[in-house]
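The values are calculated or read from the model by the stated rules, or taken from the named source; none is laboratory data. Being a predicted model, the structure only gives us computed values, none of them experimental. Reconstructed Cβ throughout: ideal geometry from the backbone, glycine too, with neighbour counts over all protein chains shown. Note: accessible area is taken over every heavy atom of the protein model, side chains too, but ligands, DNA and RNA are not part of it. Shrake-Rupley method; radii C 1.70, N 1.55, O 1.52, S 1.80 Å.
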Amino acid sequence: MSNSESDVVLCEEQEGVAVVTLNRPQALNAFNDAMRNALLETLRRLAEVAWVRAIVLTGAGRGFNAGADLKEFTADASEVDRQLAGQYHPGVRAIIDCPKPVIAAVEGFVSGIGAAYVLASDLVVMSEAAFMHLPFQTIALIPDGGLCWQLARAVGHQRAFEMAVDSQRWSAERCRELGLVNRVVPAGTALAEARSWAARLAAGSAPAIAALKRSLRAAAAQSLDESLALETQLQRSCVLNPDFGEGLRAFFEKRPPQFRR
């Protein structure tokens, strides 16, 4: 099954995997109003589609995303609130809260607030020729879309501050060393690698993957006791799910499990 959400965000759904493509290549996929809204709508829809079990997020053309389209930005406090609170923040949360794994596939570059969507993803595949760039300070702004929160937790204050204040390009390999990227692959193969990874995840147990994601996402804000309590609750639901019975049978029969689709 394949369909297009809009001209600026494309969505292809096939065999349990949805590939969502930011599609403004003439503007380096920079976010405008239409793209922000379309991406949010697409992510929310896919979270509810039962046959979609994994999501890949990528960009058309030379790079993943160049951040916000500054040609369409108005320096007005109400506009900042509208875009951040009304569009960007819900978009990032849609990735984090989605019960399905989201894999970002980055070719070329990811810049500005586009990095917030990449770092919100559960897994990141990046081309060896690609880079991450946070140029906010060069125009007297701070990283937004949750980037300060994400970076501080991922790499610590000092490295996060360095990335943001220097506005330098960080190579794919450096991003991998810092734990911001899972896999670095040859140029031109990031999407294929992400698709392959998503297909393997789509063959897994959707309830177990959703429970794993929920537990890990919650852990950063929980005490140990709170995490243990949630773990018990989620493990109970996994044990009661038919996928667990199939997993056990497959284990003892020495065959791959055939989880429900």
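The largest accessible area among Asp225, Asp166, Asp144 belongs to the first residue in Asp225, Asp166, Asp144, and the rest follow in falling order (1.4 Å probe, all chains). The ratio of the alpha-carbon radius of gyration of the range 52-126 to the globular-protein estimate 2.2 N^0.38 Å is 1.17.
Here each label is just a point 7 Å from Cα along the line to Cβ, and for Ile96 and Glu12 those points are 3.1 nm apart. Any chance you could give the angle, 0 to 90 degrees and rounded to 10, that helix 33-48 forms with the longest Cα principal axis of the chain? The angle comes out at about 10 degrees. Between Arg260 and Glu41, the FRET efficiency estimated from the beta carbon spacing at R0 = 22 angstrom works out to 0.20.
Here the simple spin-label model places points 7 Å from the Cα toward Cβ, and for Glu48 and Phe73 these points are separated by 3.2 nm. Please compute P(r) over all alpha-carbon pairs of the range 13-137, binned at 10 Å starting from zero, and give each bin as a whole-number percent. Result returned by the calculation: 13, 47, 33, 7, 0. Model label points for Asp166 and Thr232, set 7 angstrom from Cα along the Cα-to-Cβ axis, are 4.7 nm apart.
By the Stokes-Einstein formula, at 1.306 mPa s and 10 °C, the chain with its Kirkwood radius over alpha-carbon pairs has D equal to 83 µm²/s. The listed residues His133, His157, His89, once ranked by accessible area (1.4 Å probe) with the largest placed first, stand as His157, His89, His133. With contacts taken as Cα pairs under 8 Å and at least 6 residues apart, the chain reaches a relative contact order of 16 percent. Largest accessible area first, the listed residues Val125, Val239 line up as Val239, Val125 when surface is computed with a 1.4 Å probe on the assembled protein chains.
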